[in-house]
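In what follows, a single structure is set out as structure tokens and then discussed.
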Amino acid sequence: MSYKKILKEFGKKKILVIGDLILDRYIWGKVDRISPEAPVPVVEVTREDFLLGGASNVANNIVALGGSATIVGVAGNDRAGDVLTSLLHKQGIKCHGIFRSSRTTIVKTRVIAHNQQVVRFDKEDKDRIDGKISKGLLEYIRGHLPDHDAVIISDYKKGVVSSELIKEVLKSANPSKIFVSVDPKVGHFKFYKGVSLVTPNLAEASLASGIEIKDEKSLIHAGKTLLKTLSCDAVLITRGEQGMSLFEKEKVTHILTITKDVYDVTGAGDTVIAAFTLAHAAGASMRTAAAIANHAAGIVVGKVGTAVATPDQLRKSLATNHDELEMH
């Protein structure tokens, strides 16, 4: 199936995105002096933006690529929660799976001056979600998951993803063989057994497998270990400037990066799992889906701030760079 045909299918696919909702706040400015009070830069603020982060950014990537996304998660009954849900609605993301609570909406604030991040500060509640909200999440998943073509679990370890939630997802997905992918967090890998795909970065893969990744041999050992331990169909290890490596039952595929200029890696992992899952749901093989995800990530890291790739940008990138796969 050609890239062009796969991209055309994106608009027909519905993806359920489950996970930790995050509001990314960007304060932009310039620095001309150092504070007389302490040896820190004084940022003269020129602009403030709110963008979608965490699972919200995964859903945003899905709709930016032309797919349909429904988001499931928790937001606070606060101004940040209002801003977050407003942004989601504006992007055309279905929000009836969002449960509002007394929890603080997660906000990550980044101060940027001259295209450099000066400082980041986070406001969050990381306690596990339980009680009525947890019950509501599980009931929603049970009732709505079968209506989707694939599921993405975006785990930022902020309270939404639990072993019970993963079990409910798999229970609802398995009868129809619905593809389930997970952007994982260390400490939760034991929850993911039986999912279709996990997408750890190098550090996460190393810690989860117990293998120090320092060369290609140890990389392959770690990937195959995770594949076996988690009993999943594939493991995609993202490797930054080295690209990514896809581990399937019988083969390993190394995908070389096509990135030329890296300005900001914020949200790149969200783009990878969104593009991979959407492409696979659209009929791409695991290998082709990984290549498409690699191109999408290469587009977003060339932008400052939490960004997305568009179908036109992806089409152009795929047309000019299509030989980055290496089979082992």
| remark: Exactly one of 66, 143, 92 is at positive phi and loosely packed, with under 15 Cβ neighbours inside 10 Å, and that one is 92
| task | Name every residue in segment 35-78 that is of a type outside the set (D, E, K, R), more than 25 Å from residue 99 (Cβ to Cβ), in contact (Cβ under 8 Å) with a residue 40 or more places away in the chain and in contact with a strand residue (DSSP E or B) (Cβ under 6 Å, 6 or more places away or on another chain), in order of residue number. | result | 41, 43
| task | Could you please find all residues in segment 183-216 being of a type in the set (S, T, N, Q) and in a loop (DSSP other than H, G, I, E, B)? | result | 196, 199
| field | Test: residue 111 is touching a strand residue (DSSP E or B) at 6+ places or on another chain (Cβ under 9 Å) and within 29 Å of residue 283 (Cβ to Cβ) | value | no
| Complete set of residues in segment 47-104 that are aliphatic (A, V, I, L, M) and assigned to a helix (DSSP H, G or I) | 55, 58, 59, 62, 63, 64, 80, 83, 84, 87, 88
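Table: residues versus (1) of a type in the set (S, T, N, Q); (2) more than 18 Å from residue 232 (Cβ to Cβ); (3) under 20 Å from the mean Cα position of the chain (by Cα).
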| position | (1), (2), (3) |
| --- | --- |
| 126 | no, yes, yes |
| 137 | no, yes, yes |
| 147 | no, yes, no |
| 150 | no, no, yes |
| 159 | no, yes, yes |
| 163 | yes, no, yes |
| 166 | no, no, yes |
| 171 | no, no, no |
| note | Result of the Cβ filter at 6 Å on segment 267-280, keeping first residues that are surrounded by fewer than 24 Cβ atoms within 10 Å (Cβ to Cβ) and partners that are assigned to a helix (DSSP H, G or I), at least 6 apart or interchain, is 268/297; 268/300
| Those residues of segment 123-144 which are outside any loop (DSSP other than H, G, I, E, B), under 16 Å from residue 55 (Cα atoms) and out of contact with any helix residue (DSSP H, G or I) (no Cβ under 6 Å at 6 or more places or on another chain), in sequence order | 137
| query | Is it the case that some residue within segment 263-281 is of a type outside the set (Asp, Glu), out of contact with any Lys or Arg (no Cβ under 8 Å at 6 or more places or on another chain), at pLDDT 90 or above and farther than 18 Å from residue 64 by Cα? | reply | no
| message | Condition (residue is of a type in the set (Ser, Thr, Tyr) and either farther than 22 Å from residue 101 by Cβ or part of a strand (DSSP E or B) (or both)) applied to segment 149-169: is it met by at least one residue? | response | yes
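Among what's in segment 194-219 and is among the aliphatic types (A, V, I, L, M) and out of contact with any Phe, Trp or Tyr (no Cβ under 8 Å at 6 or more places or on another chain), pick the residue that is surrounded by the most Cβ atoms within 10 Å (Cβ to Cβ).
Only one residue fits best here, namely 205.
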| request: Give segment 288-328 a look and list any residue that's among the hydroxyl-bearing types (Ser, Thr, Tyr), modelled with pLDDT of 75 or more and either under 21 Å from the mean Cα position of the chain (by Cα) or on the phi > 0 side of the Ramachandran plot (or both), or say none. | output: 288, 310, 317
| field | residue 134 being touching a residue at least 12 places away in the same chain (Cβ under 8 Å), more than 19 Å from residue 196 (Cβ to Cβ) and out of contact with any Gly (no Cβ under 9 Å at 6 or more places or on another chain) | value | yes
| query | Hey, any hits in segment 229-242 for a residue that's part of a helix (DSSP H, G or I), at pLDDT below 95 and of a type in the set (S, T, N, Q)? | reply | yes
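The values are calculated or read from the model by the stated rules, or taken from the named source; none is laboratory data. Not measured: the values here are computed from a predicted model. Neighbour counts are summed over all protein chains in view; Cβ atoms, including those assigned to glycine, are modelled from backbone coordinates with ideal geometry.
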